[in-house]
1. Against the condition surrounded by 10 or more Cβ atoms within 10 Å (Cβ to Cβ), modelled with pLDDT of 90 or more and out of contact with any Pro (no Cβ under 8 Å at 6 or more places or on another chain), how does Ile49 come out, does it pass?
2. All but one of (1) touching a helix residue (DSSP H, G or I) at 6+ places or on another chain (Cβ under 9 Å); (2) modelled with pLDDT of 85 or more hold for Lys24, so report the exception by its number.
3. Which of the residues spanning segment 1-22 are under 13 Å from the mean Cα position of the chain (by Cα), farther than 12 Å from Phe52 by Cβ and not in a helix (DSSP H, G or I)?
Amino acid sequence: MSPTIIYVDGYNLYYSRLKGTPYKWLDLGTLFRDQILKPQDPGANVICIKYFTSPVKASYARHGEAPVTCSLLAAPK
């Protein structure tokens with residue numbers, strides 16, 4: 001088994017493949033493991049998926065509001 005880390009550019013994934021389609025929610029692990037990695041390297045073992053995106057600027061947002069940010073890795077207080 002070869003350990004594999006998947007890096008996803010969420011902004012480009014959405015705007016190049018998902019926008020305007022009914023497919024907004026993806027199981028990225030299953031997609032990569034079964035449809036992309038398995039045919040190329042059956043021994044690949046997905047150990048991590050790193051998802052990146054860019055913040056939306058208020059001036060470009062639909063409603064002109066500041067973006068909402070959150071930290072999923074913040075320690076509870």
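The values are calculated or read from the model by the stated rules, or taken from the named source; none is laboratory data. Since this is a predicted model, take the numbers as computed values, not measurements. Don't worry about glycine lacking a Cβ; one is built from the backbone with ideal geometry, like all the others, and counts go over all protein chains shown.
1. Values: surrounded by 10 or more Cβ atoms within 10 Å (Cβ to Cβ): yes; modelled with pLDDT of 90 or more: yes; out of contact with any Pro (no Cβ under 8 Å at 6 or more places or on another chain): yes.
Taking the combined requirement at face value, the residue satisfies it.
2. Condition not satisfied by Lys24: (2).
3. The answer is Ile5, and nothing else.
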